[in-house]
Amino acid sequence: MSLDLRPLQTVLDGDTDIVIRRDFAHPPAKVWRALTEPQLIRQWMAIEGFPMTRCEIDPRVGGSFHYAWSGPDGNAFFFSGPVVAVSAPHHMTHVEYFNGDTSSGATITTDLEDQGSGTRMIMRMRYDSAEARAAAIATDMTDGMAEVYGKLDALPIPD
Amino acid sequence: MPPLDLPFAALADPTRRAILARLAEGEATVQDLARPFAISQPAISRHLKVLEEAGLIETRIQGTARPRRLKPDTMAQLWDWLGQYRALWEAQFQRLDDLLDSLDDQAAAPSPDTERKP
């Protein structure tokens, strides 16, 4: 494990939630832009070897988003869903479906808190069930969402 | 499905996580495990079966006793995988850090925070 300069906190909360916390050295208004302007989103959400082929978001209540990636072996996938609550630049709630499967989605709540001159981002991903969360984690559905078993403290793993 | 799908699904249940925590202290029989939990031995056995099928634990045969113990290989695999996953996520946030550093401050919406950075 590498040491994080700006610690990333990731916790399994209850049976259905994953909570991720990360501090940034810039104010919420700026972080908000990076989260809601497609030309900026593309710059940090691209995955090595997986360019973003579609990046659209209408960050308003009733709006929606669609992020798609394609890989070297024709491995394409996308996340999409509705935006259900917005209070710029501090809060957004959206629902995220994987590859258009609307039978099971995660509700993602993103909060940007003022933290001195910076921002504390808290992202809560709520799945329909413990099984859905386990499946999401295990099949990379959360696409690079790191995982640490804070509440899942029963796992005998070294720190 | 990736091979880790089964262990993660098995870990979705809090009782099974508690059983694993108990086994982390050392091997235990069904009787040992049933004692601290308000659950019948058959119920414990069913949980153990799920854990064993998921590759998280194994059974040792000792005369008539069948103590269960953790399977270190799967634990190590899970831990490696979680580390990689975390690293991916952090790499993405570091790209976000870089992007924020490069963004023009005045282009951002006015912030109530007008203090200079120390």
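The values are calculated or read from the model by the stated rules, or taken from the named source; none is laboratory data. Note that the coordinates shown come from a computational prediction; the quantities given were computed from them, not determined experimentally. Because the Cβ atoms are built from the backbone with ideal geometry, glycine has one as well, and the counts that use them run over all protein chains shown. We work out accessible area using only protein heavy atoms, side chains counted, and drop any ligands, DNA or RNA first. Shrake-Rupley method; radii C 1.70, N 1.55, O 1.52, S 1.80 Å.
Counting only protein heavy atoms and a probe of 1.4 Å, the accessible surface of region B:5-71 is 51% carbon and sulfur.
In this simple spin-label approximation, A:Ser103 and B:Thr64 carry label points 7 Å from Cα along the Cα→Cβ vector, and these lie 4.8 nm apart. The mean sequence distance of close C-alpha pairs (under 8 Å, at least 6 residues apart), as a share of the length of region B:5-71, puts its relative contact order at 38 percent.
The contact residues of region B:1-43, meaning those that lose at least 30 Å² of 1.4 Å-probe accessible area when all protein chains sit together rather than their chain alone, are B:Pro2, B:Asp5, B:Phe8, B:Leu11, B:Ala12, B:Arg17. Taking the Kirkwood radius as Rh and the Cα radius of gyration as Rg, region A:1-90 has a ratio of Rg/Rh equal to 1.00.
Mark the label point 7 Å from the Cα of A:Glu131 along Cα→Cβ and return the residues of region B:44-65 whose backbone N is within less than 16 Å of it. Under cut-off, by backbone N: B:47, B:50-51, B:54. The contact between chain B and chain A removes approximately 4400 Å² from the accessible area (both sides summed; 1.4 Å probe; ligands, DNA and RNA excluded). On a per residue basis, the convex hull of the C-alpha atoms belonging to region B:1-94 measures out at 110 Å³. Of the solvent-accessible surface of region A:10-138, computed with a 1.4 Å probe and all protein chains present, 50% belongs to carbon and sulfur.
Measuring from label point to label point, each 7 Å out along Cα→Cβ, what is the A:Ser87 to B:Ala87 span in nm? Distance between the two pseudo-spin positions: 3.9 nm.
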